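Shown next, in structure tokens, is the structure this report addresses.
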């Protein structure tokens, strides 16, 4: 089959997703954008529904009368929530998702107020950010009690900050700082897992442009609580036979990792245990048959929506693939080649006739 993935559409979709804030629990805007993109594709027979939890399920009929596959990727990202408005007017945070505080130190952020929808800019800093005022700027701990948001507003007290409309429970999103290099790299926060979401969109765009139909009925699940462990624990169709999760091939520079930024990673095992062997073999065979660069890897400090689904009692074959992402849960990087390899494998999986 000739190459069907439109690389320009893939990267353009990814940039739009990256620049749309969606820390876990704050997903309405990005779901609306995804739904708008899907409607623009005008895919015959496409049915879209929102789950009670706010995930988006898009289903297509298949050429075969039996069987139901699904692909899943998550829109939610790392972020934070206001835990306390401090006496100095600055904000103490609680994390959404798991990351090291030093990975977000000095990052610019947006505070999204829940009460009236206003936004305020700010910066995450340690409580002693300057070497000119404290030795702790170099040696102090970075933890929940020692990091704060300095708001870009005239406030020096709790009452002044509260008067702005900022309250406990407001969401905080980190600037993605998207950069596309002339060497093919994409650098940004939140490639986990907006890269996977962009891959799913590009697969659907390829089907729309070519007029091809999935081999079997296929659902595309855009989950919204993966970073806190329960994204795909509910909301997937009950008659599913198989689930292919598209998430990052994590920590590509980590010691003992086999992934890279130029191929699609096929996960053999993560922290929840092995993924389905028969499906892994089939994915590997598809990559070989279509000359798609791939790597097999294990991720001992990583879990996915596949893990959540299986733990909730899912009785289907589950596989996991994804682009190689360097410095996961920090300022991440991948390469266009890895995105394309992942999208190509996902498309061939959707079109493959064999069980």
(request) For the chain, find the longest principal axis of its Cα atoms and tell me its angle to the long axis of helix 191-210, 0 to 90°, nearest 10. (result) 40 degrees
(message) Could you order the peptides 203-214, 123-134 from most to least packed, using the average number of other C-beta atoms within 10 Å per residue?
(response) 203-214, 123-134
(request) Would you please put 96-104, 220-228, 237-245, 332-340 in order of how densely packed they are, using the mean number of other Cβ atoms within 10 angstrom per residue and starting with the highest? (result) 220-228, 332-340, 237-245, 96-104
(request) Taking the chain as the reference, fit the longest principal axis to its C-alpha atoms, fit the long axis of helix 7-18 to the helix C-alpha atoms, and give the angle between the two in degrees, 0 to 90, nearest 10. (result) 30 degrees
(message) So for the chain, averaging the separation of alpha carbon pairs under 8 Å that are six or more residues apart and normalising by length, what relative contact order in percent results?
(response) 23 percent
(request) Calculate how steeply helix 336-351 sits against the longest principal axis of the alpha-carbon atoms of the chain, using the helix alpha-carbon long axis, and give the answer as 0 to 90 degrees to the nearest 10. (result) 40 degrees
(request) For segment 87-208, calculate the relative contact order in percent as a whole number, restricting contacts to Cα pairs under 8 Å that are 6 or more residues apart. (result) 30 percent
(message) Debye calculation, C-alpha points only, no solvent: report log10 I(q)/I(0) for segment 1-83 at q = 0.17, 0.22, 0.23, 0.27 Å⁻¹, in the same order as the q values.
(response) -0.88, -1.27, -1.33, -1.47
(request) Let me know the Kirkwood hydrodynamic radius for segment 1-153, please, with Cα pairs as the basis and the value in Å to one decimal. (result) 18.9 Å
(message) I'm a student and want to see the number: the projected area of the Cα convex hull of segment 205-339, averaged over all directions, in nm².
(response) 8.7 nm²
(request) Give, to the nearest whole percent, the P(r) tail of segment 79-174 beyond 24 angstrom, counting all Cα pairs. (result) 16 percent
(message) Quick check on the chain: helices-only [θ] at 222 nm, where DSSP H runs of length 4 and up contribute -39,500 (n - 2.57) each and the sum goes over total residues. Nearest 500, please.
(response) -8000 deg cm²/dmol
(request) Quote the Stokes-Einstein diffusion coefficient, in whole µm² s⁻¹, for segment 123-205, based on the Kirkwood radius over alpha carbon pairs, a temperature of 10 °C and a viscosity of 1.306 mPa s. (result) 96 µm²/s
(request) Over segment 216-293, consider all pairs of different Cα atoms and compute the Kirkwood hydrodynamic radius from their mean reciprocal separation; express it in Å, one decimal. (result) 14.7 Å
(message) As an exercise, find the ratio Rg/Rh for the chain from alpha-carbon atoms, using the Kirkwood inverse-distance average for Rh.
(response) 1.00
(message) Just want the ordering: 290, 190, 348, from fewest to most Cβ atoms lying within 10 Å of their own Cβ.
(response) 290, 348, 190
(message) If I take every Cα pair under 8 Å that is 6 or more residues apart in segment 29-74, average their sequence separation and divide by the length, what percent do I get for the relative contact order?
(response) 27 percent
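Any read-out appearing in this document is the output of simple, stated calculations on the displayed coordinates, not a laboratory observation. The model shown is predicted, which means the values in this text are computed figures rather than measured ones. Backbone-built Cβ (ideal geometry, glycine too); neighbour counts: all protein chains shown.
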